[in-house]
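Undergrad: Quick one: the structure is below, questions incoming.
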Amino acid sequence: MTLETISICVLPAFSEWQTIFACLVQPFWVISHSLRRLIVDSFPSSCARSVLSTLLMCTSVLFATQASAVGELQKIQSNGKFRIGFSTNTPGLVEQRNSKVTGFAVELVSLLAQEIKVKGVTWIKVNSPDQLVKNMRAGSLDAIFDVQLPPQLNDVGRSPPFTCTGGVLLSRPGGPEFEEDIEGKSVAVATNSPYFYFVRNLPFQKKVNVFANADQALLAFVSGSVDALVLDRFDAVKMYNRAGAGKLQISPPLWNQNLQLLTPGTARRDSDLEAALSVAFTKLRANGTYAKLSKKYFAQDVSCEGWR
């Protein structure tokens, strides 16, 4: 008998048979006739039923785990379509205008789909980030992507980060470029935004100008009444590209939030879908395709610093 896969299961201890028996699993996780015969011959008749039950339980659990981890990519390839949900229009990254969804993430996923041999990609806009998660877990979406997804989601697979967002400093050339540069400066932020709490808690003196919303904070910056504006990275990039490098400068992210595809969770972290996306993304980074696409939309490299 050929033993092709071994996964250890702890069996009941018998007074005469103090042992741990290996779950010997053949292709398709079927306990062979030879293995059943071995159990019957090796154990007292009173124990054989218990041993067989334990082995069957182990193999059924292993089969379920393997099927959930490996089946996602095969299912998407068979369907010929990768269904991705989003809820937040983020100009340049992913947004829906009329019935067409465009952006950096949209083109990037199309390239990744070609690499993993999926024929097409469909982007579906839903009402909220919470609904995205529910739809994915219900099986109506294969993956989700959004700037407002809860950061601490359990039981989800994650692709490599397509890019990173987070707060940045937008200032005029020569103005504050790093967080320590705003000591003694005036900074505009919108109230109750993540940026407000970040700036407020910096351990040095600064003048925090709080506005009711992001538009009013932006107006204060444009009018010249503050030295810098703290806002989302992609909002800052959009303004920077419109105004030009001679008029504005953008700091590195004050903190990073990875933006990546989330896929249905499994008991394993190395599902075939995650592995295939990782290999494909690494290839696009290495051959320059990612950098070219990034500059097309943002005029700069928006990859996550330190990711490999």
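The values are calculated or read from the model by the stated rules, or taken from the named source; none is laboratory data. Keep in mind that what you see is a predicted model, and the values were worked out from it rather than measured. Cβ coordinates were reconstructed from backbone atoms using ideal geometry, including for glycine residues, and neighbour counts include every protein chain displayed. For the accessible areas, the whole protein counts, side chains as well, though only heavy atoms, and no ligand, DNA or RNA atoms are used. Shrake-Rupley method; radii C 1.70, N 1.55, O 1.52, S 1.80 Å.
Undergrad: Need the list of lysines near LYS295 for cross-linking: C-alpha distance under 20 angstrom, and skip anything on the same chain fewer than eight residues off.
TA: LYS238, LYS247, LYS283
Undergrad: When the Kirkwood radius is taken over all Cα pairs of segment 225-294, what Stokes-Einstein diffusion coefficient follows at 10 °C and 1.306 mPa s, in µm²/s? Numbers along the way, then the final one.
TA: Numbers: Rh = 15.6 Å.
Answer, rounded: 102 µm²/s.
Undergrad: Considering only the other residues whose Cβ falls under 13 Å of the Cβ of GLY120, what net charge follows from Lys and Arg at +1 and Asp and Glu at -1?
TA: On the way: positive: LYS81, ARG83, LYS117, LYS119; negative: ASP142.
Combined, the nearby Lys, Arg, Asp and Glu give +3.
Undergrad: Around ILE76, under 14 Å between beta carbons, what's the net of Lys plus Arg minus Asp minus Glu among the other residues? Don't skip to the end; give the middle numbers.
TA: On the way: positive: LYS75, LYS81, ARG83, LYS117, LYS119; negative: GLU72, GLU115, ASP142, ASP272, GLU274.
Charge balance near ILE76 sits at 0.
Undergrad: Roughly how many Å² of VAL121 are accessible to a 1.4 Å probe, to the nearest 10?
TA: Looks like 40 Å² after rounding.
Undergrad: So, one more: Taking the Cα atoms of segment 113-206, report the difference between the largest and smallest coordinate on each principal axis, in whole Å and largest first.
TA: Rounded to whole Å, the extents work out to 54, 28, 22 Å.
Undergrad: Sticking with this structure for a sec: What whole number of Å gives the distance from the Cα centroid of segment 196-233 to the Cα centroid of segment 112-179?
TA: Their Cα centres are 26 Å away from one another.
Undergrad: If you take every DSSP beta bridge fully contained in segment 141-271, what fraction is antiparallel? Give it as a percent rounded to 5. It would help to have the intermediate numbers written out before the result.
TA: Numbers: 14 of 21 bridges.
So the antiparallel bridges in segment 141-271 amount to around 65 percent.
Undergrad: Say each of SER223 and LYS81 gets a label point 7 Å from the Cα, pointing the same way as Cα to Cβ; how far apart are those two points in nm?
TA: 5.0 nm
Undergrad: Follow-up question, since we're still on this one. Taking all protein chains together and a probe of 1.4 Å, list TRP123, TRP255 from the most accessible to the least accessible.
TA: Values: TRP123 35, TRP255 75 Å².
Per-residue accessible area, sorted high to low, gives TRP255, TRP123.
Undergrad: So, one more: Given bins 10 angstrom wide, list per bin the percent of all Cα-Cα distances in segment 162-308, short to long.
TA: 11, 36, 28, 17, 9, 0
Undergrad: So between PHE204 and ASN241, what do we pick up on full extension, going 0.36 nm a residue minus the alpha carbon distance? List each step's numbers first, then the result.
TA: Numbers: separation 37, 0.36 × 37 = 13.32 nm, distance 3.14 nm.
Stretched fully, the PHE204-ASN241 segment lengthens by 10.2 nm.
Undergrad: Rank SER225, SER110 by accessible area, highest first, at a 1.4 Å probe radius? Before the final figure, lay out each step's value.
TA: Values: SER225 75, SER110 45 Å².
Heavy-atom accessible area, descending, gives SER225, SER110.
Undergrad: About the Cα centre, and with charges only on the beta carbon of Lys, Arg (+1) and Asp, Glu (-1), how big is the dipole of segment 132-207? Nearest 20 debye, please. Don't jump to the answer; show the numbers that get you there.
TA: Values: 8 positive and 8 negative charges, 52 e Å.
Computed charge dipole of segment 132-207: roughly 240 debye.
Undergrad: To the nearest 0.05, how large is the calculated FRET efficiency for ALA286 and GLN114 if R₀ is 25 Å and r is the Cβ-Cβ distance?
TA: Efficiency computed from Cβ-Cβ geometry: 0.95.
Undergrad: Go ahead and run the numbers for FRET between GLN216 and GLU107, Cβ-Cβ distance against an R0 of 35 Å, rounding to 0.05. Before the final figure, lay out the partial values.
TA: Details: r = 34 Å, r/R0 = 0.96.
After rounding to 0.05, the efficiency reads 0.55.
Undergrad: Now for a different question. Label-point separation (nm) for ARG137 and ILE124, each offset 7 Å from Cα along Cα-to-Cβ?
TA: Simple spin-label model gives 1.7 nm for this pair.
Undergrad: Follow-up. If you add up the charges near PRO150, with Lys and Arg at +1 and Asp and Glu at -1, over every other residue whose beta carbon is less than 14 angstrom from its beta carbon, what do you get?
TA: Values: positive: LYS134, ARG137, ARG158; negative: ASP130, ASP146, ASP155.
Neighbour charge sum, excluding PRO150 itself: 0.
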